[in-house]
1. Which of the residues belonging to segment 73-93 are in a strand (DSSP E or B) and either outside the structural domain of Glu121 (by TED's automatic domain parsing) or more than 14 Å from Ile127 (Cβ to Cβ) (or both)?
2. Looking at segment 43-56, is at least one residue under 18 Å from Pro133 (Cα atoms) and out of contact with any helix residue (DSSP H, G or I) (no Cβ under 7 Å at 6 or more places or on another chain)?
3. Would you call Phe137 in a strand (DSSP E or B), aromatic (Phe, Trp, Tyr) and modelled with pLDDT of 95 or more?
4. With the checklist (1) touching a residue at least 12 places away in the same chain (Cβ under 8 Å); (2) surrounded by fewer than 13 Cβ atoms within 10 Å (Cβ to Cβ); (3) not in a strand (DSSP E or B) in hand, flag the one item Gln99 doesn't pass.
5. So, in segment 7-58, how many residues would count as being part of a helix (DSSP H, G or I), in contact with a Lys or Arg (Cβ under 9 Å, 6 or more places away or on another chain) and without any contact (Cβ under 8 Å) to a residue 60 or more places away in the chain?
6. So, in segment 114-134, of the ones that are modelled with pLDDT under 90 and surrounded by fewer than 17 Cβ atoms within 10 Å (Cβ to Cβ), which residue ends up farthest from Ser25 (Cα to Cα)?
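The values are calculated or read from the model by the stated rules, or taken from the named source; none is laboratory data. Here the structure is a predicted model, which means the values were calculated and not measured. Cβ coordinates were reconstructed from backbone atoms using ideal geometry, including for glycine residues, and neighbour counts include every protein chain displayed.
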Amino acid sequence: MSSDETVLERFPGVRLDHLNKQYYSGLLRRELLAGRCRACGRWHTPLRPICPSCWSSQVGPEPVSGRGTVHLLTFLHQGPPGADYSGGFPLAAIELAEQAGLRVEATVVDCPRDRLRVGLEVELTWIGRAGAPWPAFRPAGGPAAQDPAARDPAARDGARP
């Protein structure tokens, strides 16, 4: 598990607390985490100290499969540095396969704009931003990157694993 210091170092622009540091620590391990209730089995995002469905405190982060469907899609034309906004930067709400209504926000990569649509089946991949790994999604079943380093943020931007 990543130490608090490592998480702070790798995500300097993120306001961390005792709950979300688990999420960001998971990103460093290239695991996308969601909260899961051990009492009722429901998933939730973001991580919370109690289950929003049954109010149990028996919750904790667990990795998700990384499979999902584009639920909502928009194109950003401005935003934080590090992305190419010419033509719009695709940002999507991805409904994860684990449970209806379980959604995360991420960019969609490796997909021509004319293929991007609500309902598109996607799978988790990773991109590098400011020396840290971030989750992204690409069309499911698509060809894997020909160069494994193309998807490895550490290889691309000099970040440590």
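1. Correct list: Leu73, Thr74, Phe75, Leu76, Ala93.
2. Within segment 43-56, not a single residue is under 18 Å from Pro133 (Cα atoms) and out of contact with any helix residue (DSSP H, G or I) (no Cβ under 7 Å at 6 or more places or on another chain).
3. So Phe137 fits the description; yes.
4. All conditions pass for Gln99, except number (2).
5. Counting residues in segment 7-58 that are part of a helix (DSSP H, G or I), in contact with a Lys or Arg (Cβ under 9 Å, 6 or more places away or on another chain) and without any contact (Cβ under 8 Å) to a residue 60 or more places away in the chain gives 3.
6. So, considering only residues that are modelled with pLDDT under 90 and surrounded by fewer than 17 Cβ atoms within 10 Å (Cβ to Cβ), the one farthest from Ser25 (Cα to Cα) is Ala130.
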